[in-house]
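Take this structure first; my questions come after.
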Amino acid sequence: MRITRLHQIAAHAGDLEDMQQFYQETLGARFIAVFDPPGILFFDFHGVRVLFEPNAAPATLYFWVDDIDAAHASLTSQGVAFEGQPHMIHKDEDGAFDNPGTEEWMAFFEDPGGNTLAIASRR
């Protein structure tokens, strides 16, 4: 047996309409389905399904962006309130994640369900 990819992540859902609007319109996620009852919502992020449901624990979701400054500016202009500016999280001196010396940058915010979200990029 071999696990080949991550299939689905569960995260806490707030109001389903607010969650759907935020993920579909603000973040541009591909909407899959909503089932109410029981009150669950599905989105696809490049082959990884995210299930939002009221009984799930709050999650931290990290979204890759090619240009963190442009993504930060775009989301800020759409009303997303970040917890500060994009900043360096880690400098990969040894090349464990990428080329040696590459920096990983992130900026954090919350969704309407109280999940912590981050945009991430490498420089």
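The values are calculated or read from the model by the stated rules, or taken from the named source; none is laboratory data. All figures in this text were calculated on a predicted structure; none of them were measured in a lab. We place every Cβ from the backbone using ideal geometry, glycine too, and count neighbours over all the protein chains shown.
So which pairs qualify, if the first residue must be in the range 52-63 and in contact (Cβ under 8 Å) with a residue 60 or more places away in the chain, the second must be among the small types (Gly, Ala, Ser) and surrounded by 11 or more Cβ atoms within 10 Å (Cβ to Cβ), the Cβ gap must be under 7 Å, and the two must be at least 6 apart or on different chains?
PHE52/ALA11; PHE52/ALA13; PHE52/GLY113
Being at pLDDT below 95, more than 25 Å from ARG5 (Cα to Cα) and not acidic (Asp, Glu) narrows it down to one residue among PRO38, PRO86; which is it? It would help to see each step written out before you state the result.
Details: PRO86 fails: at pLDDT below 95.
Matching residue, one of PRO38, PRO86: PRO38.
Which of the numbered conditions does ILE89 fail, given that it passes all the others? Conditions: (1) in contact with a Phe, Trp or Tyr (Cβ under 8 Å, 6 or more places away or on another chain); (2) assigned to a helix (DSSP H, G or I); (3) free of Cβ contacts under 8 Å to residues at least 40 places away in the same chain.
All conditions are met except number (2).
Among the residues of the range 81-123, how many are more than 13 Å from the chain's Cα centre (by Cα), closer than 30 Å to ILE40 by Cβ and among the aliphatic types (A, V, I, L, M)?
Within the range 81-123, residues that are more than 13 Å from the chain's Cα centre (by Cα), closer than 30 Å to ILE40 by Cβ and among the aliphatic types (A, V, I, L, M) number 1.
Read through the list (1) of a type in the set (A, V, I, L, M); (2) surrounded by 15 or more Cβ atoms within 10 Å (Cβ to Cβ); (3) farther than 15 Å from ILE9 by Cα, then give the number of the only condition that MET88 fails.
All conditions are met except number (2).
Which residue, of ALA57, ALA81, ALA96, is modelled with pLDDT under 95, loosely packed, with under 11 Cβ neighbours inside 10 Å and in a loop (DSSP other than H, G, I, E, B)?
Numbers: ALA57 fails: modelled with pLDDT under 95; ALA81 fails: modelled with pLDDT under 95.
None of the others qualify; the one that does is ALA96.
Let me confirm something: among VAL65, VAL50, VAL34, which residue is farther than 26 Å from GLU103 by Cα and either among the polar types (S, T, N, Q) or under 15 Å from the mean Cα position of the chain (by Cα) (or both)? Spell out how you get there, then give the answer.
Working: VAL65 fails: farther than 26 Å from GLU103 by Cα; VAL34 fails: either among the polar types (S, T, N, Q) or under 15 Å from the mean Cα position of the chain (by Cα) (or both).
Every option except VAL50 fails the conditions.
Which residues, counting only those in the range 82-102, are closer than 26 Å to GLY114 by Cβ and out of contact with any strand residue (DSSP E or B) (no Cβ under 6 Å at 6 or more places or on another chain)?
Answer for the range 82-102, where residues must be closer than 26 Å to GLY114 by Cβ and out of contact with any strand residue (DSSP E or B) (no Cβ under 6 Å at 6 or more places or on another chain): GLY84, GLN85, HIS87.
In the list ALA33, ALA107, ALA118, ALA71, which residue meets the criterion of being at pLDDT 95 or above, outside any strand (DSSP E or B) and either surrounded by 11 or more Cβ atoms within 10 Å (Cβ to Cβ) or out of contact with any Ser or Thr (no Cβ under 8 Å at 6 or more places or on another chain) (or both)?
On the way: ALA33 fails: outside any strand (DSSP E or B); ALA107 fails: outside any strand (DSSP E or B); ALA118 fails: outside any strand (DSSP E or B).
On inspection, the qualifying residue turns out to be ALA71.
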